[in-house]
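Sharing a structure below in structure tokens format, with a few things to ask.
The values are calculated or read from the model by the stated rules, or taken from the named source; none is laboratory data. Bear in mind the structure is a predicted one, so any value in this text is a computation, not a measurement. Here the Cβ positions follow ideal geometry from the backbone for every residue, glycine too, while neighbour counts run over all protein chains shown. Ligands, DNA and RNA are stripped out before the accessible areas are found, and what is left, the full protein with its side chains, is counted by its heavy atoms. Shrake-Rupley method; radii C 1.70, N 1.55, O 1.52, S 1.80 Å.
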Amino acid sequence: MGNNNNEEYDALKLENQLCFPLYACSKEIIRAYKPFLDEIDLTYTQYITMMVLWEKKEMNVKTLGENLYLDSGTLTPVLKKLEAKGLLKRTRSKADERNLLVSITKEGEALKEKAKDVPKKIGNCVKLQADEAKELYRLLHIIIDNVR
């Protein structure tokens, strides 16, 4: 078989993979969120969905999925759970029956008050300077745009 230290095999080393620390970081950050999200009875995916609705109040499901980088197969069960919790409602658009709209409810709005400290708590876990966080955000979005 020969020597596995050849340069042609270097790309297969975990230490040379940019995707691995991104994957591990994402997993660890979501794990760090869990105790804070447990307090407000949301999963991470439910939380980011509510973040969009706290800002936009109502939007169609397709646009919501695009905002969250989630396909409908992943988003639909999340929306069903949030609707069962009374945090949002799904309705067909009167203008176009093919459009499914998602709207925040009073209960969903009220949850925003309980969730307002979550970003600060996570920021305390991540421990990046503001300029570092801004640069990382910028770089991550370049990667997202390039791989999509």
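Taking amide H positions as placed 1.01 Å from N in the peptide plane, with prolines and chain starts having none, which residues 5 or more places from T105, or on another chain, fall under 5 Å of its amide H?
Amide H to amide H, under 5 Å and 5 or more residues apart or across chains, T105 pairs with L88, K89.
Report, in whole Å, the centroid distance computed from the Cα atoms of region 56-79 and region 28-55.
Between the Cα centres of region 56-79 and region 28-55 lies a distance of 15 Å.
Here's a follow-up. Which of N124, N16, N67 moves most in a GNM of the chain, Cα contacts under 10 Å?
Looking only at N124, N16, N67, the biggest GNM fluctuation is shown by N16.
Read phi for every residue in region 26-31 and hand back ³J(HN,Hα) as whole Hz from Karplus 6.51 cos²θ - 1.76 cosθ + 1.60, θ = phi - 60°, with x for Gly and Pro.
Those phi angles translate into 4, 4, 5, 5, 4, 5 Hz.
Next question, about the same structure. With every protein chain present, what accessible area does E109 have (1.4 Å probe, heavy atoms only), rounded to the nearest 10 Å²?
Its accessible surface works out to 60 Å², give or take rounding.
Averaged per residue, what accessible area in Å² does the chain show with a 1.4 Å probe, protein chains only?
Each residue of the chain exposes 73 Å² on average to a 1.4 Å probe.
What percentages, rounded to whole numbers, describe P(r) for region 34-91 computed over all alpha carbon pairs with 5 Å bin width beginning at zero?
Values per bin, smallest distances first: 4, 18, 34, 27, 13, 4, 0.
On a full-extension model of 0.36 nm per residue, what is the gain between D117 and T105, subtracting their alpha-carbon distance, rounded to one decimal in nm? Display every interim value, and only then the final one.
Values: separation 12, 0.36 × 12 = 4.32 nm, distance 2.05 nm.
Full extension of this stretch gives 2.3 nm more.
If you rank S72, S93 by how much accessible surface each has, with a 1.4 Å probe, what is the order from largest down? Numbers along the way, then the final one.
Details: S72 80, S93 15 Å².
The most accessible residue leads, giving S72, S93.
Based on the mean of other Cβ atoms within 10 Å per residue, sort peptides 55-63, 41-49 so the most packed one is first.
In decreasing order of mean packing, 55-63, 41-49 become 41-49, 55-63.
About its Cα centre, how strong a charge dipole does the chain have in debye, to the nearest 20, once Lys and Arg get +1 and Asp and Glu get -1 at the Cβ?
Numbers: 25 positive and 23 negative charges, 174 e Å.
Dipole magnitude for the chain comes out near 840 debye.
To the nearest 10 square angstrom, what accessible area does C19 show with a 1.4 Å probe?
Per-residue accessible area (C19): approximately 80 Å².
Kindly give the semi-axes, whole Å and largest first, of the ellipsoid equivalent to the chain, taking each as the square root of 5 times a Cα gyration tensor eigenvalue.
In descending order the semi-axes read 36, 21, 14 Å.
Give the relative contact order (percent, whole number) for the chain; include only Cα pairs under 8 Å separated by 6+ residues.
Relative contact order for the chain comes out at 20 percent.
Still on this structure, I have one more. Put +1 on the Cβ of each Lys and Arg and -1 on the Cβ of each Asp and Glu in the chain; which of L53, V118, S72 then has its Cα farthest toward the positive end of the dipole?
With unit charges placed on the Cβ atoms, the residue in question is L53.
Where does the chain land at 222 nm, in deg cm²/dmol rounded to the nearest 500, when only DSSP H runs of n ≥ 4 count, each adding -39500 (n - 2.57), divided by all residues? Show your work: numbers first, answer last.
On the way: 7 runs with 92 residues, N = 148.
Rounded to the nearest 500, it is -20000 deg cm²/dmol.
Ignoring ligands and nucleic acids, what accessible area does R31 show with a 1.4 Å probe (Å², nearest 10)?
In the full protein context, R31 sits at about 150 Å².
Taking only Cα atoms, what is the 0 to 90° angle, nearest 10, from helix 106-115's long axis to the longest principal axis of the chain?
Long axis of 106-115 versus the principal axis of the chain: about 40 degrees.
Can you sort F36, F20 by solvent-accessible area, 1.4 Å probe, largest first?
I get F20, F36, largest accessible area first.
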